[in-house]
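The values are calculated or read from the model by the stated rules, or taken from the named source; none is laboratory data. None of the values given here were measured: they were computed from a predicted structure. Note that we place each Cβ from the backbone using ideal geometry, even for glycine, and neighbour counts take in every protein chain shown. Just so you know, the surface numbers come from the protein's heavy atoms only, side chains and all, with ligands and any DNA or RNA stripped out. Shrake-Rupley method; radii C 1.70, N 1.55, O 1.52, S 1.80 Å.
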Amino acid sequence: MTLDIDAILTNPDKNIIVCTGSGGVGKTTTAAALGLRAAELGRNVCVLTIDPARRLAQAMGLTELDNTPRAVVGISNESNSNGSLSAMMLDMKRTFDEVVESHSDPERAEKILSNPFYQALSSSFAGTQEYMAMEKLGQLRAQSQWDLIIVDTPPSRNALDFLDAPARLGSFLDGRLIRIITAPARGAGRGIGRIAALGFGIFTNVLSKLLGAQVLADVGNFVADIDTTFGGFRERADATYALLKDAGTEFIVVAAPERDALREAAYFVERLNQDSMPLGGLILNRVQEVPETGLTQDQILAAAQKLTAEGQGPLTAALLELHAQRMEIKERQKHLAMRFTAAHPNVAVQPIPALAQDVNDLAGLRQIGEALANQGITW
Amino acid sequence: MRNWPEATLHVVTGKGGTGKTTIAAALAIALAKNGHRTILMEVEGRQGIAQLFDTPPLPYEERKIAVAPGGGEVWALAVDTEDALLDYLEMFYKLRRAGSALSKMGAVDFATTIAPGLGDVLLTGKACEVVKRKDKKQDNAYDYVILDAPPTGRITRFLNVNGEMSGLAKVGPIKSHADSVMAVIASDQTAIHLVTLLEEMPVQETLDGITELEENNLPVGGIFVNMTRPPQLDAAQRAMAIAGELPQQEIELDISQSGLAPTPQLMEALLSEASDHAERVDLEITELERLTQLSRPIIVLPLLPSGIDLGGLYELAAIMTASGIGGE
Ligand SMILES: Nc1ncnc2c1ncn2[C@@H]1O[C@H](COP(=O)(O)OP(=O)(O)OP(=O)(O)O)[C@@H](O)[C@H]1O
Ligand SMILES: Nc1ncnc2c1ncn2[C@@H]1O[C@H](COP(=O)(O)OP(=O)(O)O)[C@@H](O)[C@H]1O
Ligand SMILES: [Mg+2]
Ligand SMILES: [Mg+2]
């Protein structure tokens with residue numbers, strides 16, 4: 001089954017596209033290419049990238065990291081369609097700071113922002129990037145300035161992190177443990193049982209030996225300051241999660257034609273299915289294309305060997321070997337793709353050829369965009 | 001060893017998916033060559049070693065997993081933060097039983113979430129304990145410790161235990177623990193290697209990572225350029241291929257000689273593939289040059305067409321030996 005990406009991009013009811021997959025497979029590239037294509041098809045698009053390659057960021061005009069969408073220049077308006085493209089790069093710390101600032105009076109915000117525990121949380125905790133990507137998505141969506149938002153996802157090895165990390169972090173911050181341990185005196189430990197309470201007593205004790213009393217005090221202050229201003233971290237995470245389940249959202253899973261990446265993609269597809277989330281399809285990025293010549297790999301290799309054995313035409317022998325190698329790579333990739341499809345027959349799969357060059361200008365993105373929309377691709 | 005004569009702790013980092021685990025394992029085999037005893041450690045709780053060596057998940061226990069040419073032994077240990085913290089609690093506070101009860105309640109997880117630095121100190125601490133451990137004859141229990149470490153983006157923070165201490169207690173055993181860890185890691189007993197592919201993003205990450213490690217006075221070792229493909233064409237041929245100037249008639253004649261028909265499809269395929277290949281190779285050469293400018297040892301390893309299995313690890317280890325790593 002092939003993927004009709006233009007039908008998705010031009011569908012006015014679709015207003016969020018999420019590109020996921022494991023690291024390095026081309027999520028950011030795909031997100032940017034989809035954004036450009038949608039804009040050139042007339043949508044008002046914002047692309048939220050997380051970690052673009054330096055030159056790709058430059059090509060989109062993202063020279064400053066200011067955490068706000070900037071108009072991308074160079075969009076073609078051939079079809080007189082009045083589309084537009086904005087792009088931004090996520091700054092997770094800044095996004096977190098803004099959340100804090102918008103939910104508290106300046107004095108309290110200042111207290112939170114200068115809390116060392118908050119500083120660690122907002123810059124180096126596992127899950128913060130995912131949480132803030134979701135948060136930013138929610139903000140962009142609320143601005144209603146764009147009719148299509150395309151979201152790239154953080155470079156985690158586990159694609160499911162994007163879905164799960166925000167809730168995990170949210171539960172941690174809202175959780176019972178953080179309250180008991182940082183403020184046992186508040187009586188938050190009531191109801192956990194005497195033995196457990198004793199255990200926590202020992203642990204709090206050890207914890208302060210390990211971390212120092214100051215650290216625990218910082219956490220305690222953070223919890224107290226946040227408590228009075230926020231509706232709850234978990235609640236916020238759940239609200240954006242709900243947005244992702246909306247019919248206006250479409251997931252695009254990106255994978256390289258390799259075993260590990262496809263395994264990761266399969267987990268993700270199964271999860272979307274389980275949670276009834278809308279899946280557009282699988283982009284199989286950087287596939288080996290080989291022009292059809294009507295010859296088999298064995299025939300090509302035999303010819304190369306004959307030349308080599310006769311000490312003839314080393315250049316031609318090298319070209320034939322190169323061709324045979326590519327046929328082999330393609331076969332292996334197709335085999336992997338077939339196994340994926342056998343297990344997930346309802347998932348549309350769109351192969352994108354590996355370009356010889358990296359994709360780091362609008363022309364390259366346009367080329368990927370065309371490949372994304374090429375329903376007649378023979379691979 | 002020629003390059004890092006004093007290094008017993010070899011830390012392997014790199015961008016995600018570039019082959020850290022694979023290279024660390026091959027390095028453990030290469031360093032075990034000729035009767036040495038090495039240990040491969042992983043610290044991210046992913047059971048990458050077990051997957052690679054096709055064994056059941058490793059418990060928190062040192063196990064022999066392979067032998068090396070010339071009678072060496074490769075051992076393995078999978079540590080996670082929880083194990084390391086429980087060890088620590090037992091060692092300094094005699095809290096083994098209470099420790100595991102707390103861990104069941106999620107409290108250990110909690111401690112390492114609240115202070116990510118704590119986990120790092122404990123994991124690097126475990127690696128240093130293994131480095132320093134002596135056997136009954138007071139020789140090193142292991143000649144080399146190879147650490148499959150977190151990716152480049154996190155490596156400086158992971159190793160720079162002193163920096164981590166800002167979030168931890170300034171006194172007591174954890175502090176002296178950290179000091180002794182730092183004494184190993186910031187010395188020439190340690191070499192931090194980076195794995196990369198010849199593509200823009202991983203190379204950039206490698207360059208940035210090295211700068212950051214150097215700024216923090218952490219000892220950078222070599223660069224392992226992984227999954228390279230040998231060029232099929234030489235430089236002159238590549239230039240012609242890109243310019244569309246390959247000698248078509250000659251190629252057509254050769255093809256007829258070889259028993260195939262030089263159909264337009266075949267000619268078109270060969271010429272376009274040649275130019276595509278040439279562009280890729282030239283790009284890879286540019287990236288390799290960026291790395292060469294660092295004047296650090298570079299070890300080039302091929303993409304093994306059939307993927308990585310145990311045999312593949314020995315193959316990569318042999319290439320490392322041939323590049324001057326271990327083996328003495
Ligand atoms: N030289 C090589 N030839 C062929 N395949 C390789 C080579 N090196 C690594 N691979 C393959 O590349 C994939 C990634 O390798 P590996 O798991 O070692 O990377 P990693 O850097 O440890 O990844 P992660 O960041 O997920 O820990 C694996 O499937 C591995 O078999
Ligand atoms: N189809 C393609 N052909 C050639 N290079 C590609 C292709 N797709 C991605 N790349 C390159 O691969 C690298 C990683 O892509 P990126 O989109 O940043 O991955 P991710 O966001 O999944 O980590 C970039 O250098 C990009 O230019
Ligand atoms: Mg990316
Ligand atoms: Mg690994």
Of all the strands (runs of 3 or more DSSP E) wholly in region A:3-105, which have at least 1 residues that are within 14 Å of chain B (Cβ to nearest Cβ) and either within 16 Å of ligand 1 (Cβ to nearest atom) or surrounded by 16 or more Cβ atoms within 10 Å (Cβ to Cβ) (or both)? A:44-49
Residue selected from region B:61-72 under the condition touching a helix residue (DSSP H, G or I) at 6+ places or on another chain (Cβ under 9 Å) and in a strand (DSSP E or B), by the criterion most open to solvent (accessible area, probe 1.4 Å): B:Val67
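Okay, residues lined up against (1) within 15 Å of ligand 3 (Cβ to nearest atom); (2) modelled with pLDDT under 95:
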position: A:Ala7; (1), (2): no, no
position: A:Thr10; (1), (2): no, no
position: A:Asn15; (1), (2): no, no
position: A:Gly24; (1), (2): yes, yes
position: A:Ala32; (1), (2): yes, no
position: A:Asp51; (1), (2): yes, yes
position: A:Ser79; (1), (2): no, yes
By residue number, the members of region A:34-49 that are more than 8 Å from ligand 3 (Cβ to nearest atom) and not charged (D, E, K, R) are A:Leu34, A:Gly35, A:Leu36, A:Ala38, A:Ala39, A:Leu41, A:Gly42, A:Asn44, A:Val45, A:Cys46, A:Val47, A:Leu48
How many residues does region A:5-31 contain that are aliphatic (A, V, I, L, M) and near ligand 2 (Cβ under 8 Å from one of its atoms)? 2
Condition met for A:Ala87 (in contact with a strand residue (DSSP E or B) (Cβ under 6 Å, 6 or more places away or on another chain) and on the phi < 0 side of the Ramachandran plot): yes
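Let's see how each residue does on (1) open to solvent by 10 Å² or more (accessible area, probe 1.4 Å); (2) at pLDDT 95 or above; (3) of a type in the set (D, E, K, R); (4) in the same structural domain as B:Gly17 (by TED's automatic domain parsing):
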site: B:Asp80; (1), (2), (3), (4): yes, no, yes, yes
site: B:Met105; (1), (2), (3), (4): yes, no, no, yes
site: B:Val121; (1), (2), (3), (4): no, no, no, yes
site: B:Arg157; (1), (2), (3), (4): yes, no, yes, yes
site: B:Asn162; (1), (2), (3), (4): yes, no, no, yes
site: B:Ser166; (1), (2), (3), (4): yes, no, no, yes
site: B:Ala169; (1), (2), (3), (4): no, no, no, yes
site: B:His177; (1), (2), (3), (4): yes, no, no, yes
For region A:241-255, does any single residue satisfy the condition of being in the same structural domain as A:Ser156 (by TED's automatic domain parsing) and within 30 Å of B:Pro262 (Cα to Cα)? no
Which of (1) buried (at least 23 other Cβ atoms within 10 Å of the Cβ); (2) within 16 Å of ligand 2 (Cβ to nearest atom) is the odd one out, the single condition B:Leu9 does not satisfy? (2)
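Table: residues versus (1) outside any helix (DSSP H, G or I); (2) crowded, with 18+ Cβ neighbours inside 10 Å; (3) in contact with an Asp or Glu (Cβ under 7 Å, 6 or more places away or on another chain).
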| residue | (1), (2), (3) |
| --- | --- |
| B:Gln51 | no, no, no |
| B:Pro59 | yes, no, no |
| B:Val74 | yes, yes, no |
| B:Leu85 | no, yes, no |
| B:Gly99 | no, yes, yes |
| B:Leu118 | no, yes, no |
Need the failing condition index for A:Ala363 against (1) surrounded by fewer than 20 Cβ atoms within 10 Å (Cβ to Cβ); (2) away from ligand 2 (no atom under 15 Å from the Cβ); (3) small (Gly, Ala, Ser); (4) away from chain B (no Cβ under 13 Å), just the number. (2)
Filter result (touching a Ser or Thr at 6+ places or on another chain (Cβ under 8 Å) and either away from chain A (no Cβ under 14 Å) or open to solvent by 70 Å² or more (accessible area, probe 1.4 Å) (or both)) within region B:275-296: B:Leu291
For region A:276-304 the number of residues that are under 27 Å from B:Asp234 (Cβ atoms) and either in contact (Cβ under 8 Å) with a residue 12 or more places away in the chain or not in a helix (DSSP H, G or I) (or both) is 12
Name the residues in region A:139-177 that are within 13 Å of chain B (Cβ to nearest Cβ), part of a helix (DSSP H, G or I) and among the aliphatic types (A, V, I, L, M), would you? A:Ala165, A:Leu169, A:Leu173, A:Leu177
Do we have A:Ala255 as within 14 Å of another protein chain (Cβ to nearest Cβ), surrounded by 15 or more Cβ atoms within 10 Å (Cβ to Cβ) and within 16 Å of ligand 1 (Cβ to nearest atom) here? yes
How many residues, within region B:14-41, are outside any loop (DSSP other than H, G, I, E, B) and within 14 Å of chain A (Cβ to nearest Cβ)? 4
Checked region B:252-274 for anything among the hydroxyl-bearing types (Ser, Thr, Tyr) and surrounded by fewer than 19 Cβ atoms within 10 Å (Cβ to Cβ); matches are B:Ser256, B:Thr263, B:Ser272
Kindly provide the set of residues from region A:302-336 that are in contact with a Leu (Cβ under 7 Å, 6 or more places away or on another chain) and either more than 10 Å from chain B (Cβ to nearest Cβ) or over 16 Å from B:Gln257 (Cβ atoms) (or both), ordered by number. A:His323, A:Ala324, A:Leu336
Residues satisfying the stated conditions in region B:107-116, i.e. under 27 Å from B:Asp148 (Cβ atoms) and buried (at least 18 other Cβ atoms within 10 Å of the Cβ): B:Val108, B:Phe110, B:Ala111, B:Thr112, B:Thr113, B:Ile114, B:Ala115, B:Pro116
Search region B:179-207 for residues being within 14 Å of chain A (Cβ to nearest Cβ), modelled with pLDDT of 95 or more and not in a helix (DSSP H, G or I), and hand back the single one that is nearest to ligand 1 (Cβ to nearest atom). B:Val195
Give region B:310-327 a look and list any residue that's of a type in the set (A, V, I, L, M, F, W, C) and open to solvent by less than 40 Å² (accessible area, probe 1.4 Å), or say none. B:Leu313, B:Leu316, B:Ala317, B:Met320, B:Ile325
